[in-house]
Amino acid sequence: MRKKFILDSENDVTCEALFKRRRDIIKGIISAPFVLSTNFSNAENKHLIFQKDIKYSTNEQTNTIKQITSYNNFYELGSGKRDPMINANSLKTDNWKLTVDGLVEKPQTFDLDELIKKFTLEERIYRLRCVEAWSMVIPWIGFELNKLIKLVKPLSSAKYISFQSILDRENLPGQRREILQWPYREGLRIDEANNPLTILSVGLYGKVLPNQNGSPIRLVVPWKYGFKSIKSIVKISLVSEEPETSWNLETPNEYGFYSNVNPYVNHPRWSQKRERRIGEFRKRDTEMFNGYSEFVSSLYKGMDLKKFF
Ligand SMILES: Nc1nc2c(c(=O)[nH]1)N[C@H]1C(S)=C(S)[C@@H](COP(=O)(O)O)O[C@H]1N2
Ligand SMILES: [Mo]
């Protein structure tokens with residue numbers, strides 16, 4: 001049943017060890033593209049070709065592939081932290097298409113493979129801070145969202161961007177109940193979407209994304225709480241008004257549109273001052289914008305972040 005990314009399988013362990021070795025080897029060789037393997041015959045083991053980013057990557061210790069694939073939030077696959085791993089195969093990703101439309105000159109629908117070939121893939125090692133006060137460090141592989149936005153030529157009336165995840169009630173166990181209003185949806189302001197830190201990820205640890213991490217394409221916005229990083233995206237629309245978002249629809253007083261990581265604005269039911277890095281015992285202090293202030297604080301100049309939480 002659980003064919004994909006069986007935990008502790010020899011493959012995963014090998015991949016992670018190899019990845020670490022590679023990282024040591026290429027230290028200093030900053031933008032040389034490199035290949036782990038080019039076996040494209042089996043999509044489930046597909047390795048990706050990518051460059052290593054140093055400008056935006058943290059040099060903190062990455063979490064293990066086991067931690068990254070066994071402690072997830074992906075409500076379409078169940079609401080427990082281990083459910084996404086257990087139900088990973090319920091997510092059907094064959095012949096995936098991503099539509100980009102709305103206030104653009106060139107609306108387009110892309111095949112996933114076509115999209116991956118279009119852009120240079122980079123490895124970005126980012127902190128992910130969940131609103132539930134845990135965090136991980138994950139070596140994503142992807143490309144900047146601004147490159148895709150440019151391709152469809154947005155109109156000047158496009159002020160926001162909305163994202164929609166897969167809707168597949170037949171196969172996704174979590175969508176048989178209205179835990180959230182399906183499909184999962186998220187949004188960003190256009191300048192947030194165009195920030196170079198904002199990426200669409202198609203892989204991690206050198207391989208295509210495991211299903212539980214949002215295969216085959218998901219957003220990563222590292223200065224915002226994890227729920228903004230929407231998984232398994234089928235549609236992106238450029239729009240003029242602030243779009244509806246799943247968690248805001250569900251509990252508006254707890255989850256705002258901006259959801260920037262902010263230790264000074266607590267969740268109504270718990271503190272956001274500290275976080276537990278998965279794998280560690282002692283808690284860490286949470287940093288403003290998850291430590292990405294130098295890249296993003298200018299986006300919020302003059303805004304009251306207690307009001308626009
Ligand atoms: N479609 C969808 N995307 C989602 C979620 C979800 O339930 N459904 N959960 C979010 C939350 S709360 C977090 S913390 C991150 C977790 O990403 P990870 O499991 O890859 O670490 O995914 C986000 N993206
Ligand atoms: Mo989260």
SASA check, residue 190, accessible area w/ 1.4 Å probe, all protein chains in place, rounded to nearest 10 Å², comes out at 40
Round to the nearest 10 and report in Å² the accessible area of residue 205, as given by a 1.4 Å probe over the protein chains' heavy atoms. 0
Relative contact order in percent for the range 99-257 (Cα pairs under 8 Å, 6+ apart) equals 29
Accessible area in the full protein assembly, largest first, 1.4 Å probe, for 169, 177, 277, 185: 177, 169, 185, 277
Gained length - residue 240 relative to residue 79, 0.36 nm times residue gap less alpha-carbon distance: 54.7 nm
Under a 5 Å amide H to amide H cut-off, with H placed in plane at 1.01 Å, what residues pair with residue 199 once short-range neighbours are removed? 145, 220
When only the heavy atoms of the protein chains count and the probe is 1.4 Å, how do 288, 136 rank by accessible area, highest first? 288, 136
How do 306, 117 rank by accessible surface area computed with a 1.4 Å probe, from largest to smallest? 117, 306
Paramagnetic reach from residue 298 in the range 193-214 [backbone N under 18 Å; point 7 Å along Cα→Cβ]: 193-198
Can you pull the three principal axis extents for the Cα set of the chain, in Å, largest first? 48, 48, 43
Express in Å², to the nearest 10, the accessible area of residue 56 obtained by rolling a 1.4 Å probe over the protein heavy atoms while all chains stay in place. 30
Could you tell me what % of all Cα pairs in the range 187-309 have separations over 19 Å? 54
Can you work out the accessible area per residue across the chain, with the rest of the protein chains kept in place, probe 1.4 Å, in square angstrom? 46
Along the range 254-265, Karplus-curve 3J(HN,Hα) (6.51, -1.76, 1.60; θ = phi - 60°) to the nearest Hz, with x for Gly and Pro, reads 9, 10, x, 6, 6, 6, 6, 4, 8, x, 8, 10
Considering Cα pairs under 8 angstrom that are at least six residues apart, work out the relative contact order of the range 49-193 and quote it in whole percent. 26
List the relative contact order of the range 16-300 as a percent without decimals, with contacts defined as Cα pairs under 8 Å and 6+ residues apart. 20
Please build a GNM for the chain, connecting alpha carbons under 10 Å apart, and tell me which residue among 192, 114, 250 fluctuates the most. 114
Need the full-extension length gain, residue 132 to residue 273, defined as separation in residues times 0.36 nm minus the C-alpha distance. One decimal, nm. 49.6 nm
For an R0 of 51 angstrom, estimate the FRET efficiency from the Cβ-Cβ distance between residue 285 and residue 105 and round to the nearest 0.05. 0.65
Given springs between every Cα pair under 10 Å in a Gaussian network model of the chain, which of 299, 91, 148 has the largest fluctuation? 299
Estimated 222 nm signal from helices in the chain, with DSSP H stretches of n ≥ 4 weighted -39500 (n - 2.57), rounded to 500: -4500 deg cm²/dmol
Sort the range 176-255 into rounded, prolate or oblate with this rule: let a ≥ b ≥ c be the square roots of the eigenvalues of the Cα gyration tensor; rounded if a/c is under 1.5, and if a/c is not under 1.5, prolate when a/b is larger than b/c, oblate otherwise. oblate
Would any residue of the range 218-251 have its amide N under 14 Å from a label point 7 Å out along Cα→Cβ of residue 265? List them or say none. 223-226, 228, 248
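The values are calculated or read from the model by the stated rules, or taken from the named source; none is laboratory data. Note that this is a predicted model, so its numbers are computed, not measured. All Cβ positions, glycine included, derive from the backbone under ideal geometry; neighbour counts span all protein chains shown. We work out accessible area using only protein heavy atoms, side chains counted, and drop any ligands, DNA or RNA first. Shrake-Rupley method; radii C 1.70, N 1.55, O 1.52, S 1.80 Å.
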